[in-house]
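The values are calculated or read from the model by the stated rules, or taken from the named source; none is laboratory data. What you are looking at is a predicted structure, and each value in this text was computed from that prediction instead of being measured. Here the Cβ positions follow ideal geometry from the backbone for every residue, glycine too, while neighbour counts run over all protein chains shown. Just the protein is used for accessible areas: all its heavy atoms, side chains included, with ligands, DNA and RNA removed. Shrake-Rupley method; radii C 1.70, N 1.55, O 1.52, S 1.80 Å.
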Amino acid sequence: MIKKNNIIEGSRATLMAWGLLCFFASILTSCSEEDSTVNEYENWQSRNEAFFAEQYKKAQDSISAGSRNWKLIRVYSKVSDEICTSTDYVIAHVISQAVPHDEWNGSYAAENPEYTDSIQMHYRGRLMPSVSYPDGFQFDSSWIGDYNLQTMIPSNMKVSNLVVGMSSSLMQMHVGDRWQLCIPYKLGYNTSTSTNVPAYSTLIFDVTLQAIGKPGKALPVVR
């Protein structure tokens, strides 16, 4: 009798415990359903693909309309006769450039960085706009505060050490140019996560090329 009563009492206790567990689980579930936390990166790949396609179309339309402030820069690894898709290009919006368009005479031959060069540049990197970051989450920057060349300190980097979309773009810039770059994720970090940058992220950079350093030659001293 003692064993039977112990089993019955134990069964009742177990049922009560399960009942309480289910009760609290239902409360937690209902709370999670009402949780207003934003998943910043939900459907991130498809959203980034749609965003880049929209920006690419905007650049194409602007170029077709005669604008000289937009460029589509093909990744350097693609030779001229290869078939390219939109994600083989970086979208460049020219904010300012060393030589204004109206001063070009066809003989302008200012130096561009080469793949083996080092460069000094100012840069600020953001992700595409999202719910919490309408201007795009800023994941990296060489300056703090407002853009001011008198107070900003450039960073020294090797062209070959940068993501392929950035390298391809820099090799088309001249010292003094300031461009906004929109780099598709395939030319950025692709399917990999890098520090504050999730996989499949379009990279948006504000870049000013400050100086070029050839192999064996030092870049200007940063003050």
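Just list whichever of 58/217; 57/217; 57/158; 57/186; 58/158 have alpha carbons separated by over 29 Å in the model shown. Result: 58/217; 57/217; 57/158; 58/158 exceed 29 Å. Database remark: amide H of residue 141 closer than 5 angstrom to the amide H of 125 (H placed geometrically; neighbours at sequence offset of 5 or more, or on other chains; Pro and chain starts carry no H). Close amide H contacts of residue 40 (hydrogens built in the peptide plane, cut-off under 5 Å, sequence separation of 5 or more or a different chain): none are found.
I need the calculated FRET efficiency for the pair residue 190 and residue 81, taking r as the beta carbon distance and R₀ as 25 Å, to the nearest 0.05. Can you show the working numbers first?
Values: r = 25 Å, r/R0 = 0.98.
Calculated value: 0.50.
The gain in end-to-end length when the residue 148 to residue 94 segment is fully stretched comes to 17.7 nm, 0.36 nm per residue minus the alpha carbon separation. The mean sequence separation of alpha-carbon pairs under 8 Å and at least six residues apart, normalised by the residue count of the range 144-223, gives a relative contact order of 29 percent.
The H on the amide N of residue 97, modeled in the peptide plane, is under 5 Å from the matching H of 178, each at least 5 residues off or on a different chain. The charge dipole of the range 99-223, taken about its Cα centre with unit charges on the Cβ atoms of Lys, Arg (+1), Asp and Glu (-1) only, comes to about 380 debye. For the residues 193, 85, 208, a 1.4 Å probe over the protein chains yields an accessible-area ranking, largest first, of 193, 85, 208.
Leaving out ligands and nucleic acids, and using a 1.4 Å probe, what accessible area per residue does the range 114-223 come to in Å²? Numbers along the way, then the final one.
Values: 5270 Å² over 110 residues.
Roughly 48 Å² per residue, with all protein chains present.
Considering only 151, 130, 184, the residue lying farthest towards the positive end of the dipole of the range 62-201 is 130, judged by Cα position with unit charges set on Cβ.
Restricting attention to the range 85-190, which GluC sites (Glu not before Pro) occupy a DSSP loop and are surrounded by at most 15 other Cβ atoms within 10 Å? Display every interim value, and only then the final one.
On the way: sites: 103, 111, 114; in loops: 111, 114.
Qualifying residues, ordered by number: 111, 114.
Measuring nothing but protein heavy atoms, the accessible surface of the range 89-202 at 1.4 Å probe radius is 46 percent carbon and sulfur.
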